[in-house]
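Accompanying notes for the structure given below.
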Amino acid sequence: MNEIQSMTAGMDYAERIEFAKKLIDGSDNVVAMAGIGVMMECGALNYDRDTEAYRIEEEYHQCPEEIMSASFYNVRMERFYEFYKKEILSAELKPTATFPALEKMQKAGKLKAVLTYNIYGMNKEYDIQNVYELDGNIHDNRCSKCQKLFSREYLRDSVGMPLCDVCGSTIRPGIRLHGERMRNDILTNAVNAVSKADVLLVLGTNLFDNMVKFAVNHYQNDKLILITKHEHFTDKAADLVIHEYVCDVMPQIV
């Protein structure tokens, strides 16, 4: 148990909020990591949950991981887009108070970068810079041949497979499919940002998450703040834990 863990061990919720504020106020290099919980608070579905996984298998006769894989996309493109347009591109999400709080933190000179697996690009509605989208996003889609850029709406509203209006080739979704590697430039930027961070802010996930484990391996300091609604056995590795909805906590600590 380090010094911060010892100091916060007996704190109640209000005291933890104040301590988180103190850590952030004393830092000029915060890096945030936005997990699935942040997007679920916006209305996104978690396809790793049993209820959603069963629903997808019953309706599409494949599990979500299989449908969203590179191999499935390459072999059954029409089926992929049937799922992708209905389940992903048609989702109507609403940003929570988490996003203006991140914007405010960045404008104050505190927040230097955001790492996320979020594919919905919710940060685009706010002036949040240096967002490293490890899985890409649904908004930046390119023709597989001429590389013309297409919007989420173009793909969503297309009949059948979305085709380029210039060369007629299929349009490649702007997300990273299962089985594909992350872009090296994004990984490099993410590693550099985390390695320089004073405070690592983990939002809406747990320390067992692959994104978090990847980042923690490069984090050099001892001010890891975990804000998530659900308890997890890895919570003890964080320096400060606040178990509550991210959208409720963020406006209080910024």
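Does the range 221-239 include one or more residues that are of a type in the set (Val, Ile, Thr), out of contact with any Ser or Thr (no Cβ under 8 Å at 6 or more places or on another chain), modelled with pLDDT of 90 or more and open to solvent by 10 Å² or more (accessible area, probe 1.4 Å)?
We begin by selecting, within the range 221-239, every residue of a type in the set (Val, Ile, Thr); these are 225, 227-228, 234.
From what's left, out of contact with any Ser or Thr (no Cβ under 8 Å at 6 or more places or on another chain): 225, 227, 234.
Okay, now just the ones that are also modelled with pLDDT of 90 or more, so 225, 227, 234.
Keeping just the survivors that are open to solvent by 10 Å² or more (accessible area, probe 1.4 Å) gives 234.
Checking the range 221-239: at least one residue is of a type in the set (Val, Ile, Thr), out of contact with any Ser or Thr (no Cβ under 8 Å at 6 or more places or on another chain), modelled with pLDDT of 90 or more and open to solvent by 10 Å² or more (accessible area, probe 1.4 Å).
Specify which of the listed residues (Ala9, Ala14, Ala32) is under 25 Å from the mean Cα position of the chain (by Cα) and small (Gly, Ala, Ser).
Working: Ala9 fails: under 25 Å from the mean Cα position of the chain (by Cα); Ala14 fails: under 25 Å from the mean Cα position of the chain (by Cα).
The conditions single out Ala32.
No other residue among Leu155, Leu111, Leu93 is under 20 Å from Ile186 (Cα atoms) and in contact (Cβ under 8 Å) with a residue 12 or more places away in the chain apart from Leu111.
Annotation note: of Gln62, Gln106, the sole residue that is among the polar types (S, T, N, Q) and farther than 28 Å from Ser158 by Cβ is Gln106.
When Asp185 is tested against (1) assigned to a helix (DSSP H, G or I); (2) over 23 Å from Asp222 (Cα atoms); (3) open to solvent by less than 50 Å² (accessible area, probe 1.4 Å), just one condition goes unmet, and that condition is (3). Looking across Tyr47, Tyr84, one residue alone is hydroxyl-bearing (Ser, Thr, Tyr), crowded, with 20+ Cβ neighbours inside 10 Å and closer than 30 Å to Leu102 by Cα. It is Tyr84.
Please work out if Gln106 is of a type in the set (S, T, N, Q) and crowded, with 18+ Cβ neighbours inside 10 Å. Considered against the rule, which asks whether it is of a type in the set (S, T, N, Q) and crowded, with 18+ Cβ neighbours inside 10 Å, Gln106 comes out as yes.
Specify the residue that is modelled with the lowest pLDDT; the eligible residues are those in the range 70-114 that are part of a loop (DSSP other than H, G, I, E, B) and among the basic types (Lys, Arg). Outline the logic, then answer.
Going residue by residue through the range 70-114, those that are part of a loop (DSSP other than H, G, I, E, B) are 76, 90-97, 108-110.
Then keep just the ones that are among the basic types (Lys, Arg); that gives 76, 94, 110.
On the way: Arg76: 95, Lys94: 91, Lys110: 97.
Here the answer is Lys94.
All told, Asn46 meets the bar of being in contact with a helix residue (DSSP H, G or I) (Cβ under 6 Å, 6 or more places away or on another chain) and among the polar types (S, T, N, Q).
Among the residues of the range 135-178, those identified as under 30 Å from Val212 (Cα atoms) and either in a loop (DSSP other than H, G, I, E, B) or of a type in the set (Asp, Glu) (or both) are Asp135, Asn137, Ile138, His139, Asp140, Ser151, Pro173, Gly174, Arg176, Leu177.
When residues in the range 120-136 are screened for being touching a Lys or Arg at 6+ places or on another chain (Cβ under 8 Å) and of a type in the set (S, T, N, Q), 1 of them pass.
Report whether or not Ile138 is open to solvent by less than 10 Å² (accessible area, probe 1.4 Å) and under 27 Å from Thr170 (Cβ atoms). Show your work before the answer.
On the way: open to solvent by less than 10 Å² (accessible area, probe 1.4 Å): yes; under 27 Å from Thr170 (Cβ atoms): yes.
Here the answer is yes, as Ile138 does meet what is asked.
Checking each residue in the range 10-49 for being touching a Phe, Trp or Tyr at 6+ places or on another chain (Cβ under 9 Å), more than 28 Å from Ala193 (Cα to Cα) and assigned to a helix (DSSP H, G or I) picks out no residue at all.
The values are calculated or read from the model by the stated rules, or taken from the named source; none is laboratory data. All values derive from a computational prediction rather than experimental measurement. We place every Cβ from the backbone using ideal geometry, glycine too, and count neighbours over all the protein chains shown. Just so you know, the surface numbers come from the protein's heavy atoms only, side chains and all, with ligands and any DNA or RNA stripped out. Shrake-Rupley method; radii C 1.70, N 1.55, O 1.52, S 1.80 Å.
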